[in-house]
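See structure below.
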Protein chains: 2
Amino acid sequence: MSNAATASIDNAAKSMTDIMALCKRRGFIFQASEIYGGVNGFWDYGPQGAQLKKNLRDAWWNDCVTNPPIGPDGDEVSIVGLDSCIIQNPKVWEASGHVGGFSDPMVDCRETKNRYRADHLMCICEDGDREGLIFAYLEGDDDSIAQTRKKLDKYKKRIIEDDKLCTCAFLELSANERAITVGPDVKIPGTLTEPRDFNLMFPTILGATGDWEENKAYLRPETAQGIFINYKNVLDSTRVKVPFGIAQTGKAFRNEVTPRNFTFRSREFEQMEIEFFCHPDESQKWYEFWRDLRMRWWESLGLAGDNLLLREHDKDELAHYAKTGAGTSDIEYRFPFTAPGFGELEGVADRSNYDLKQHAEHGNTKLEYFDQERNERYLPNVIEPSAGLDRGVLALICEAFTPDPDRPSKVFMKFNPRIAPTKAAVFPLVKKDGMPEIGKKLQTQLRKRFGAVEFDAKQSIGKRYARMDEVGCPYCFTIDGDTLTDQTVTVRDRDTLSQERIALDQVEGFLAEKLGA
Amino acid sequence: MSNAATASIDNAAKSMTDIMALCKRRGFIFQASEIYGGVNGFWDYGPQGAQLKKNLRDAWWNDCVTNPPIGPDGDEVSIVGLDSCIIQNPKVWEASGHVGGFSDPMVDCRETKNRYRADHLMCICEDGDREGLIFAYLEGDDDSIAQTRKKLDKYKKRIIEDDKLCTCAFLELSANERAITVGPDVKIPGTLTEPRDFNLMFPTILGATGDWEENKAYLRPETAQGIFINYKNVLDSTRVKVPFGIAQTGKAFRNEVTPRNFTFRSREFEQMEIEFFCHPDESQKWYEFWRDLRMRWWESLGLAGDNLLLREHDKDELAHYAKTGAGTSDIEYRFPFTAPGFGELEGVADRSNYDLKQHAEHGNTKLEYFDQERNERYLPNVIEPSAGLDRGVLALICEAFTPDPDRPSKVFMKFNPRIAPTKAAVFPLVKKDGMPEIGKKLQTQLRKRFGAVEFDAKQSIGKRYARMDEVGCPYCFTIDGDTLTDQTVTVRDRDTLSQERIALDQVEGFLAEKLGA
């Protein structure tokens, strides 16, 4: 260990318990409402975490909106930003299909009255030569069994590939077989009802009249629809022409029945989404462009090598809006809790013109685009690169987490300097002889240009290095006795542990080069 | 007009209709869900608005967190960031007093079944020598009248000072007088009920069990409480010592019965809040420090002169948590819709130790701080500078809005370059002779360093200038025939309309100086 050439650590060997402990200890992520016993599925970001999350969000905004990439034709891609509300007119979610279809199948236990996600149950086959195999619980007449089976079928794949907590698979069940289900809290089998759909959107009430159904609204389950409903406003108020994209970051909410895996599946989360509008004939080109570009982007932030996977969806996995499109891909990361498997970080999908069509119809408004060059009127196709900000932060944290038994901290966070929450630290060796003053001055100079730079004059230098290793600060500068005589400082490299002396007035240039800033 | 020495325009003379029209036309602010008829109290930010809002949020974060100010003792103030959830354990809002006390008084109309905010009704005195004066509607026995009168009394001031829409004041009403109230939609007086409290928090339901009361949660009505409940986690995970601050920006929600005045009183809005923890003996010092600093900060962004007001609250105006504190001030802006009066932009309040005390008690946890220097254990006092991000954006827009009949656009947006959403624009005079290529190259160079820089090769140069005047772009650079021979460009100043030629390779330095970047 302890040298720059170290290969990335196998994520399966990293302990989520250790990672979560470090996140709490060093102020990355806290349980929300911890002093009240928490609240399931919600997480707060501490000082380091808030800055890390902001750095990732800003990097995305910079690379997508203010300094957009070069497109497949050699020109800079045209993208503008947006910031739409979490609460919208509920008709938006009727048009998008979320009111009708955005749901999980749930079963109730007749004994305990508890409710479970159908695909999270332990199911045991009662008899037959497949005894021991796990099956869904099905009851009722043939028609309803067939219906239920169909409903459950689409969860089959997800369960096996995506969901390590679940020990249940809904496999082929012949009409003669009888399977029984055991809920997590009961020992008597057969107490569970058939699955029923439960909508994942958080409901709320607008205004003071208090009538629940009449004034029901929803917290958005995705930022994407906020873009579609503003597509015409953006066209009318800017000079963008198809092909172009609209980008936004923001909170979204899903009432997950069983939030889990730290911040990976939480109920409140932040997305970074682009909806890219193009001529239907160019879908394939733009789909491939965005898919490959987004994969490289995550690599550029340090998620390289074996822990990243670009996975093209099979035809039968495609969402309803993507059936006719050029394809859907997931950019997946090997989290410690999915290893050796992968978990989704970003999805890139050709949504066809599904959403614009729906809103044109439900909003009774014309959303067609007149293309002057082609002299053609059409509804653009949409390519959507949709990334999870919290998942990105979690992947960066898991990737950075590097055990090293030789260090006092036993672990260091190997963040890519571009997104590291703390860019540098300045330490006066002792609190006298003007060292703190020189250090303070250096800190003020550096943070004007690079952002978060710490100053620490307490404890032994070893303890200070250890703290900075745990927050992933790439460079520490120490002011010591020699600084007073020859105007040099020691710079210590987080990854190599190498120390060298450089001139005090070259620290800013040194950091600028190392941070690429 | 049309010269740099122009004094700021009287805001009372600016038309909100014109401002809102420009906001829509140029992509600053759109009505949320417009294609579905909107949704009352919600606004989306278009490309220019999203960038303006981000610039203001980033300026605040930079000036408060990454490059904190020099405090009253000459040292840099210690502040760390946070990013807590919108949804928390509902006990947070019981402890903070929001479940019990965060409400507006509402009255129902027995005739139409409509519900109104009590302080927004038109009330007419029935008889007596004060006929024609406006009074509250009161009925019932003496006790309930007295109670209702007391409840209404605190709204008296607000109505007169803050609320231009309201034509009603609850003045002294003797026991013999009978006042009747007319709701907005009826002509028969006396149909309104007594006021009842209506909670302003948006409710929602957590999880799938569907029991409303058991699983009720709330959207946060302020970001402040997310800081208080993480105060101990921050102390434990960082090296901050009292005095220090925790800062966060984020969405908050209030179920306003009558949202109004564009984005000024909306139901979904964003806050920028600092909770600054200090020894109780130093409250006065820090209160004055933050009050004055925050006032200067808004001035530095261009809200100068007569349109800004620092208003110290009277004793009887103080919130429950601020009764014993060093004071509360509002930093107020003269919006066109409040002129000649003012509307709140930021509040600076000494919240005493009210919130920490409440959470210590309700969370059954110790939140006292041990001060090593003083050898003393205490609950810190809290000074809170709490700013509205949307209100800040609206004030910047109203201030920037400058009618000028001599320009083709008839109006220009005089944004301070630091927060201007578009920093510069590059125009090739014609689309030939390599001018577009030179322009594109310049755009790419400039936006790497300064952010949003537009490129526009369409229409006459006058129309392009007009568009940039309306988005408030401070500098336009034109590539023309001379550029090809002598490598100079024309730079046009938004405010003075002056044009000068500078060398192409000095454009970046020119902008850096002008933007202070």
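Overview of values
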item	result
Sulfur and carbon atoms: percent of accessible area, the stretch B:440-479 [1.4 Å]	55 percent
Area accessible to solvent at residue B:314, 1.4 Å probe radius, in Å²	80 Å²
Size of the B/A contact, given as accessible area buried on both chains, probe 1.4 Å, in Å²	7000 Å²
Protein-only accessible surface order, largest first, of B:493, B:75 at 1.4 Å	B:75, B:493
Rough spin-label spacing in nm, given labels placed 7 Å along Cα→Cβ, for residue A:437 and residue A:70	5.1 nm
Shielding of A:232-238 by partner chains, average beta-carbon count, 10 Å	6
Counted charge near residue A:68, where neighbours are those whose Cβ lies closer than 11 Å (Asp, Glu -1; Lys, Arg +1)	-2
Most to least accessible of B:488, A:258, A:422 (protein chains only, probe 1.4 Å)	A:258, B:488, A:422
For the axis carrying chain A to chain B: nearest C-beta residue of A, whole Å	A:204, 2
Cβ-defined net charge surrounding residue B:452, 11 Å radius [Lys, Arg +1; Asp, Glu -1]	+2
The stretch B:368-492: Cα Rg divided by the 2.2 N^0.38 Å rule of thumb	1.66
Copy-to-copy label separations for residue A:310, where each label sits 7 Å from Cα toward Cβ, in nm and ascending	5.7
Area accessible to solvent at residue B:197, 1.4 Å probe radius, in Å²	100 Å²
Per-copy distances of the residue A:284 label point, shortest first, in nm (7 angstrom along Cα→Cβ)	7.8
Listed residues B:500, A:346, B:361 arranged by accessible area, highest first, probe 1.4 Å	B:361, B:500, A:346
Whole-number Å³ per residue for the convex hull built on Cα positions in the stretch B:450-517	94 Å³
Using a 7 Å Cα-to-Cβ projection, residue A:373 label spacings across copies, nm, ascending	6.4
The stretch B:5-69: relative contact order in percent, alpha carbon pairs under 8 Å with at least 6 residues between	21 percent
Contact order normalised by residue count of the stretch B:387-517, Cα under 8 Å, 6+ apart, percent	24 percent
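The values are calculated or read from the model by the stated rules, or taken from the named source; none is laboratory data. Everything quoted here is computed from the prediction, not taken from an experiment. Positions of Cβ are generated from backbone atoms using ideal geometry, with glycine treated the same way; all protein chains shown enter the neighbour counts. Accessible surface is based on the protein model in full, side chains and every heavy atom, while ligands, DNA and RNA are left aside. Shrake-Rupley method; radii C 1.70, N 1.55, O 1.52, S 1.80 Å.
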